[in-house]
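Asker: Shown below is the structure under consideration.
Any read-out appearing in this document is the output of simple, stated calculations on the displayed coordinates, not a laboratory observation. Please read all numbers here as calculations on a predicted model, not as lab measurements. Cβ placement follows ideal geometry from the backbone for every residue including glycine, while neighbour counts extend to all protein chains displayed.
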Amino acid sequence: MNLPNAAPELFSREFADDPYPAYAWLREHSPVHWTTLPSGVEAWLVTRYDDARQALADGRLSKNPDHHAEDAQGKSRTGIPGERSANLMTHLLNIDPPDHTRLRRLVSKAFTPRRVAEFAPRVQELTDDLIDRFAPRGEANLIHEFAFPLPIYAICELLGVPREDQDDFRDWAGMMIRHGGGPRGGVARSVRKIRDYLAELIHRKRGDLGDDLISGLIRASDHGEHLTENEAAAMCFVLLFAGFETTINLIGNGTYALLRNPGQRARLQESLRRGEGALLDTAVEELLRYDGPVELATWRFATEPLTVGGQRIATGDPVLVVLAAADRDPARFPDPDTLDLSRRDNQHLGYGHGIHYCLGAPLARLEGRTALQTLLLRLPDLELATPPTDLRRRGGLIMRGLRDLPVRFTPA
């Protein structure tokens, strides 16, 4: 890769389309880099793999934004848009041990691997139903018609949102991921609507428990552990937020990467036709590494002076671990800019590392695996319906995803 001699421009439209050359420059010349973000917040960007793993597991880097050395207005520019005004700060992305340990233990009791595994047939049904809707047309926008609704309907069913309310959730969630509006636009209003709805739903379910995730949280709370209704609402909110946008981007980015790498896509399709699952397993992990759904790990703030990658970081400084840069580090991954679906030694950081490792990763992997496998088998001649140069990434700092993905195929 040819690197620029001078520091590259960060956060431009060209950078959003392809940030990897800029990240390569930072890894080589300024691996822990002080910059001003589009929001005006100044922060450190950590770009090398070993430094990233250290930072993600370092207890001196707090998730609590109260440690940010800024005033209230500055603090409001970090985190999920609208969460502070909606009183949704007490969730796993914003707290440290011991509260984090307590809440994660409660959620883990309800959000078990068994629950995710038992949900697999329903994910397949949802996947097939969505493809059925556009397959006869021979064209689709895979983001809006497939990658977006699949995880929304899935997480709604897991949480126990009644079917008649799920389209409202889809509308609110659609506004949430359009970060360009910012907290002053429709994002904050949608967050408040979700918070109010979840609080009311939790209250209703206390008198009529079912087999859903919200009922599981209530049961865990009622058996010796303490979970306030506000904590429960915040927890359900972050499960919704983290549970759908990462999967949208895994499906969207993953499909796009396969369409841009026809040799790798053909290998995977042939493996699937033979009924073999091994390549699909490594393929999902490689897609998470190559162009993952989360570009930067959520905010951290130094609680005391520390050194990361040889760089001194002051108390109160914000730190953002650039997962997309770490997962293309040639010191860890041979030939990192090449998509290799059979890559075995692939301990990527796509879902984080340490105590804040993504709780919903098993569900996201299940949905991504099911979606990609079904698309490739049911629509085998899937291809882009627009030049790659016409595709644009969504706004927002943390997540990395496409706004649209127009495709065409033989009507089925």
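Asker: Mind grabbing the base-10 log of I(q)/I(0) for the range 344-405 at q = 0.15, 0.16, 0.20, 0.23 Å⁻¹? Debye formula, identical points on the C-alpha positions, no solvent, two decimal places.
Answerer: -0.76, -0.85, -1.12, -1.16
Asker: Oh, and also: If I take all pairs of Cα atoms in the range 233-276, what percentage of them are more than 15 Å from each other? Before the final figure, lay out each step's value.
Answerer: On the way: 562 of 946 pairs.
When all Cα pairs of the range 233-276 are counted, 59 percent exceed 15 Å.
Asker: Across the Cα atoms of the range 273-380, what radius of gyration and what greatest pairwise Cα-Cα distance (Dmax) are found, in Å?
Answerer: 16.9, 56
Asker: I've got another one for you. So how much slack lies between Asp17 and Ser30, counting 0.36 nm per residue of separation and subtracting their Cα-Cα distance, in nm? Before the final figure, lay out the partial values.
Answerer: Working: separation 13, 0.36 × 13 = 4.68 nm, distance 2.14 nm.
Contour length minus Cα-Cα distance gives 2.5 nm.
Asker: Return the sequence-ordered ³J(HN,Hα) values of the range 393-398 in whole Hz as given by the Karplus equation 6.51 cos²θ - 1.76 cosθ + 1.60 applied to θ = phi - 60°, using x for Gly and Pro.
Answerer: 8, 5, x, x, 8, 7
Asker: Under 14 Å between alpha carbons, and skipping anything fewer than 8 positions from Lys193 in its own chain: which aspartates and glutamates qualify?
Answerer: Glu83, Asp165, Asp167, Asp168, Asp171
Asker: Given only helices, namely DSSP H runs of n ≥ 4 each adding -39500 (n - 2.57), what is the per-residue ellipticity at 222 nm of the chain, to the nearest 500 deg cm²/dmol?
Answerer: Theoretical 222 nm ellipticity from helices: -14500 deg cm²/dmol.
Asker: Once the piece of chain linking Ala57 and Arg260 is laid out straight, how much longer is it, given 0.36 nm per residue of separation minus the C-alpha distance between them?
Answerer: Working: separation 203, 0.36 × 203 = 73.08 nm, distance 3.44 nm.
So the chain would gain 69.6 nm between Ala57 and Arg260.
Asker: I need the phi-derived Karplus couplings for the range 260-267: 6.51 cos²θ - 1.76 cosθ + 1.60, θ = phi - 60°, integer Hz, Gly and Pro marked x.
Answerer: So the J values, rounded to whole Hz, are 7, 10, x, x, 5, 4, 5, 4.
Asker: How charged is the neighbourhood of Gly354? Take every other residue with its Cβ under 13 Å from the Cβ of Gly354, and add Lys/Arg as +1 and Asp/Glu as -1. Before the final figure, lay out the partial values.
Answerer: On the way: positive: Arg53, Arg60, Lys63, Arg104, Arg300; negative: Asp58, Asp96.
Overall, the nearby charge balance is +3.
Asker: Please compute the modelled spin-label separation between Arg204 and Ser342, points set 7 Å along Cα→Cβ, answer in nm with one decimal.
Answerer: With each label placed 7 Å out from Cα toward Cβ, I get 5.2 nm.
Asker: If the range 13-408 were replaced by its equivalent ellipsoid, with semi-axes equal to the square roots of 5 times the Cα gyration tensor eigenvalues, what would those be, largest first, whole Å? Each step should come with its number before you reach the end.
Answerer: Numbers: eigenvalues 183, 161, 75 Å².
After diagonalising the Cα gyration tensor, the semi-axes are 30, 28, 19 Å.
Asker: Above 12 angstrom, tally the Cα pairs of the range 279-335 and express them as a % of all pairs, no decimals.
Answerer: Values: 1155 of 1596 pairs.
Result: 72 percent of Cα pairs exceed 12 Å.
Asker: Between Arg394, Arg122, Arg365, find the one with the highest GNM mean-square fluctuation for the chain; connect C-alpha pairs within less than 10 Å.
Answerer: Among Arg394, Arg122, Arg365, the largest mean-square fluctuation in the Gaussian network model of the chain belongs to Arg122.
Asker: Please work out the Cα center distance from the range 22-45 to the range 121-153, rounded to the nearest Å.
Answerer: First find each Cα centre; the distance between them is then 37 Å.
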